[in-house]
Amino acid sequence: MDKVFDVIVVGAALNGLAAAVALGGNAVRRPLDVLVVDAKDPASFTSPAFDGRASAITAAARRMFEALDVWPALEPDAQPMTEIIVTDSRPNAARRPVLLAFGEDDMPHGPSAHMIENRQLYAAMLNAAQGSPHIEFATGTPVEQFDRGPGLARVRLADGRNFSASLVVAADGRNSPAREAAGISMVGWPYDQMGLVATVAHELPHGGRAEEHFMPSGPFAILPLPGNRSSLVWTETIAKGERKLALSDDEFLAEMSKRFGTHLGAISLASGRHGYPLALWVAREFTADRLALVGDAAHVLHPLAGLGFNLGLRDVAALADSVHDAVALGLDPGGAPVLDRYSSWRRFDTVVTAAAMDGMNRLFSNSNPLLALLRDAGLMAVNRIAPLKRGFVGEAAGQGGLLPRLLRGERN
Ligand SMILES: Cc1cc2nc3c(=O)[nH]c(=O)nc-3n(C[C@H](O)[C@H](O)[C@H](O)COP(=O)(O)OP(=O)(O)OC[C@H]3O[C@@H](n4cnc5c(N)ncnc54)[C@H](O)[C@@H]3O)c2cc1C
């Protein structure tokens, strides 16, 4: 006999753990019975060698973590971003005029985001999930078969175990086997760009300042972490990115220093280096019978605005509202009304955000002099108009659109 759950979450990375805690965690009034499955052991995600990335967590996402009781574990390792500057520059440039700057005056409701290392996000959410009596784990074995019957969905693990649930949440990443099994295709394209990621230690304090230097190959972002450390996201073409990853640490540091500048004093590498191929992909459908896609299974964006995981948290929060509202009325958590509500809530927002990120990447990641003139003039114009700047900060803080309860800091 299959063991039957309310929800099976496939994937125990950032979005899967968030979904498990939002549906069955201790901070939920009527928790559902949730099973989390993953091919890997999620404890391995908390090692710095596994991921190496850090995420900009928007103000709305922070409220969600507060509502889920996860924020107290994250706060000591969260670096508030109190200033953001944008330049349009070239490697080795002697001067980098700031075209757009956001400071504390533009953020009257507090920092628009906090930087947190992904390993700490995994650890805090994994602890919260493991601390709930309503969440079980079956990890270390991939799902090899998905069946979605009219009454229940079923997953079969490679070790032969079977589990059933009213709803399967696919948080199984950009190559989502659950999405493929449902026959849902993706719209989009790979970029000829790689995001090189490393943690950099520097002599001088960053003062909470995030820097986005748009260079012809793509953005070069220096994002503040606690202490005299910053997370670097350096965009290069795939071929150049691979060559940079193959350099020795000293050679890599020398190449990086040309772009990093000298304003933070002497710099050194404080982590290994990771390379992520960048792409834009959006699923044609976000749901199928008894299946909801969340996170990278539903959308993969260019990381230039650090929105990918935040968009995943929006999915999770919208799905949590849809599921908990249905259950409160005695309805099926995986029924068509739940899935229709979730899909109509999330698809439009996702497509608009993905198109905006794609447009920005095309506008900035090139050396066409006419486009350079246009974008510099545009950035300087925005910089002079305070209400417009506040609007940008509000969007970056994740305050725009119809927010689900968790993103407003309310519990389900
Ligand atoms: C360079 C870079 C910088 C970024 N910076 C930011 C940022 O600042 N802010 C932000 O919000 N976002 C950022 N992002 C985006 C963010 O990191 C991703 O959106 C997020 O990590 C996706 O998480 P996920 O849980 O959806 O998927 P994944 O992390 O891909 O996890 C999928 C999980 O599913 C499991 N799985 C897959 N197949 C199976 C199977 N058959 N059976 C069982 N388990 C399976 C895998 O083992 C894995 O654990 C960045 C991305 C990049 C590349």
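The values are calculated or read from the model by the stated rules, or taken from the named source; none is laboratory data. These numbers come from a predicted model, not from an experiment. Reconstructed Cβ throughout: ideal geometry from the backbone, glycine too, with neighbour counts over all protein chains shown.
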- [ ] Given the conditions (1) among the hydrophobic types (A, V, I, L, M, F, W, C); (2) closer than 22 Å to Gly308 by Cα; (3) not in a helix (DSSP H, G or I), report the number of the one that Val155 does not fulfil.
- [x] (2)
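Answer with yes or no whether Gly160 is assigned to a loop (DSSP other than H, G, I, E, B), touching a helix residue (DSSP H, G or I) at 6+ places or on another chain (Cβ under 6 Å) and not basic (Lys, Arg).
Numbers: assigned to a loop (DSSP other than H, G, I, E, B): yes; touching a helix residue (DSSP H, G or I) at 6+ places or on another chain (Cβ under 6 Å): no; not basic (Lys, Arg): yes.
Here the answer is no, as Gly160 does not meet what is asked.
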Task: Subset of the range 183-214 [aliphatic (A, V, I, L, M) and either closer than 22 Å to Ala266 by Cα or crowded, with 22+ Cβ neighbours inside 10 Å (or both)] - done: Met194, Leu196, Val197, Ala198, Val200, Ala201, Leu204, Ala210
Open item on the list: If a residue must be within 15 Å of the ligand (Cβ to nearest atom), hydrophobic (A, V, I, L, M, F, W, C) and over 25 Å from Ile116 (Cβ atoms), how many such residues does the range 229-280 contain?
Closed with: 1
TODO: Please determine, by comparing only the residues of the range 15-60 that are surrounded by fewer than 17 Cβ atoms within 10 Å (Cβ to Cβ) and of a type in the set (Gly, Ala, Ser), which one is nearest to the ligand (Cβ to nearest atom).
DONE: Ser44
Task: Residue count, the range 72-129 (criterion: under 30 Å from Ala372 (Cβ atoms), among the hydrophobic types (A, V, I, L, M, F, W, C) and in a strand (DSSP E or B)) - done: 11
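Taking the conditions exactly as written (within 24 Å of Pro48 (Cα to Cα), at pLDDT 95 or above and more than 22 Å from the chain's Cα centre (by Cα)), does Leu167 satisfy them or not?
Here the answer is no, as Leu167 does not meet what is asked.
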Open item on the list: Where the second residue is part of a loop (DSSP other than H, G, I, E, B) and at pLDDT 95 or above and the first is polar (S, T, N, Q) and lies in the range 270-293, which pairs have Cβ atoms under 9 Å and are six or more apart or on separate chains?
Closed with: Thr287/Ala182; Thr287/Ile184
Open item on the list: Under 6 Å between Cβ atoms, which residue pairs at least 6 apart in sequence (or on different chains) link something in the range 364-382 that is in a helix (DSSP H, G or I) with a partner that is of a type in the set (Asp, Glu)?
Closed with: Asp376/Asp88
Task: the range 107-118: number of residues that are crowded, with 19+ Cβ neighbours inside 10 Å and either out of contact with any strand residue (DSSP E or B) (no Cβ under 8 Å at 6 or more places or on another chain) or closer than 30 Å to Val4 by Cα (or both) - done: 1
TODO: For the range 178-194, state whether one or more residues are of a type outside the set (S, T, N, Q), out of contact with any Ser or Thr (no Cβ under 8 Å at 6 or more places or on another chain), in a strand (DSSP E or B) and without any contact (Cβ under 8 Å) to a residue 40 or more places away in the chain.
DONE: no
Open item on the list: Test of understanding: among Leu68, Leu121, Leu99, which residue is buried (at least 17 other Cβ atoms within 10 Å of the Cβ) and over 29 Å from Phe214 (Cβ atoms)?
Closed with: Leu68
